[in-house]
Amino acid sequence: MAQDNRSLLQALDEAPVSFFHMRAAVTAGMGFFTDAYDLFIIGMALVYLKPEWHLTAGQIGILGSGSLLAAFLGALTLGRLADLIGRKTIYGLEAALMAIGALACAFAPDFTWLLVFRFILGFGIGGDYPMSAVLMSEYSNAKQRGSLVSLVFGMQGLGLVFGPVVALTLEAAGISHDIIWRIMLGLGAIPPLAVLYLRRTMPESPRYKALVRGQSEAAARDMASYSEGQIPSTGQSAGSRLPGGPLRPRTTTLRAFLGNRRNLLMILGTAGSWFLLDYAFYGNVISTPQIIGLLAPHASRLQGTAWALVIFAVAAVPGYLASILLMDRIGHRRLQMIGFAVMAISFGVIALVPDMTHDVLPFLFLYGVSFFFTEFGPNCTTFVIPAEVFPTGGRTTGHGIAAGIGKLGAFAGTFLFPYISRAGGLKGAMMFAAGVSLLGLLLTQMTLPETSGQTLEALSAEADEEPMDDPRLVRTGASR
């Protein structure tokens, strides 16, 4: 290779956080704000759609969860394509799909068409998960990578708050209910349209370009320009070069990727914990208006929306901020375990303490605690860790698998919640969520390594000279 790409990787790993990191985080984060808003706003919109279109419980379930099933397919498909043809190309494609899908939803004439448009939207959202996480991870330094990727994911918190704010504003303005839900859904097209230009200014991932395409010199020049000199164009860092010879460009076939035992273990840990987290998280968040209806059946629609806004603003947003500030200090794996543990306790107390589901203030307090630790812990870490543990040639593939299976958990939680709550009441739904959270804690402990502070190449064994599918590279969390 004409240039030793180890020096470029070291420069990336050691670069202090600066403006170019923030610019990349904001660009990726704007897309993720859209992901959150578009996925969760359907819960608010269904409040208006149900009486207007006389929706059945099954139709409500499929509208709430249909885009999540599409996100599963989008994450798998677009995640794999990003490893084959490049991160940047897919980054623009999925943003366009999100804009088209959201805008079309606003003009849906009936249930069937709305379901189709939500599917298009969800497919693009699914692709945005591996793109946003992996690009930010591959731009980041080793020491603060978790915080930088969490900053992208933290935009979900703003999306959560923005939905109820829109609903309250439109309701207070006295706009027709037929128009309110259309405006709600259509507003989701604005951020991805705006972000399309910003994403075009981002260069291809330097790690992908160097390690998969073998274009180290071009990657170094791109990053020098984008970072305004923070990453030297020569690929040299201030410190000494990494030991060993040049890292060879490596492509990863799907067969080789899935045939590697270490990759399979990482898929089990990342995808399994994400599935369990999303069951509990999406089942509760998208169903928050229904939960408040069960808790306080005589509350008005305006009161229910206001309570949802308070929960998101007081509990969820601080959780995201705490994760951004503390993740790299606590440890990514450890924080995921803490979050799952507190979620299990909170849901369990709600389910087991007598009259808890009929007393508004104690319920909202514990529900808020569960929200805080969900965002502080596994809701952020399940997004971060899959962007760290897979090799460069299969990183978006691995993250796409984890995100896609996570969305299956979200689909299950959103679709099943109305049936579980009807059969077992709010207590039954909370008890089931407690059990799911406990499983997430155990799976994280058994399968995942601690990733904070380590380089991506060390975590994926990519700094070794052996091929990535060599069985000698199989490592588990216990051996680290």
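The values are calculated or read from the model by the stated rules, or taken from the named source; none is laboratory data. Predicted, not measured: the structure shown is a model, and the values here were computed from it. Methodologically, a virtual Cβ is constructed for each residue, glycine included, from the backbone with ideal geometry; neighbour enumeration extends over all protein chains shown.
Remarks
- Residue within segment 78-96 that is β-branched (Val, Ile, Thr) and over 19 Å from the mean Cα position of the chain (by Cα) present: yes
- Test: residue in segment 276-290 that is in a helix (DSSP H, G or I), modelled with pLDDT under 65 and more than 20 Å from the chain's Cα centre (by Cα): yes
- Members of segment 350-402 that are closer than 19 Å to Leu335 by Cα and among the small types (Gly, Ala, Ser): Gly368, Ser370, Gly377, Ala387, Ala402
- Being under 18 Å from Leu121 (Cα atoms), among the aliphatic types (A, V, I, L, M) and touching a helix residue (DSSP H, G or I) at 6+ places or on another chain (Cβ under 7 Å) is a description that applies to Ala95.
- Taking segment 38-95 as the range and being touching a residue at least 60 places away in the same chain (Cβ under 8 Å) and aromatic (Phe, Trp, Tyr) as the test, the residues that pass are Phe40, Tyr48, Phe72, Tyr91.
Listed here are the residues, each with its yes/no results for (1) modelled with pLDDT under 90; (2) under 24 Å from the mean Cα position of the chain (by Cα); (3) surrounded by fewer than 22 Cβ atoms within 10 Å (Cβ to Cβ).
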{"site": "Gly409", "(1), (2), (3)": "yes, yes, no"}
{"site": "Ile420", "(1), (2), (3)": "yes, no, yes"}
{"site": "Ala423", "(1), (2), (3)": "yes, no, yes"}
{"site": "Gly435", "(1), (2), (3)": "no, yes, yes"}
{"site": "Leu438", "(1), (2), (3)": "no, yes, yes"}
{"site": "Leu441", "(1), (2), (3)": "no, yes, no"}
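- Among the residues of segment 331-387, just one is acidic (Asp, Glu) and either part of a helix (DSSP H, G or I) or under 30 Å from Leu148 (Cα atoms) (or both), namely Glu375.
- Complete set of residues in segment 195-232 that are of a type in the set (Gly, Ala, Ser), part of a helix (DSSP H, G or I) and under 15 Å from Leu135 (Cα atoms): Ala210, Ala219
- Any chance Phe153 is in a helix (DSSP H, G or I), of a type in the set (Phe, Trp, Tyr), touching a helix residue (DSSP H, G or I) at 6+ places or on another chain (Cβ under 8 Å) and more than 26 Å from Leu335 (Cβ to Cβ): no
- Any hit, segment 75-86, residues being over 27 Å from Asp178 (Cα atoms), in contact with a Phe, Trp or Tyr (Cβ under 9 Å, 6 or more places away or on another chain) and either basic (Lys, Arg) or surrounded by fewer than 23 Cβ atoms within 10 Å (Cβ to Cβ) (or both): yes
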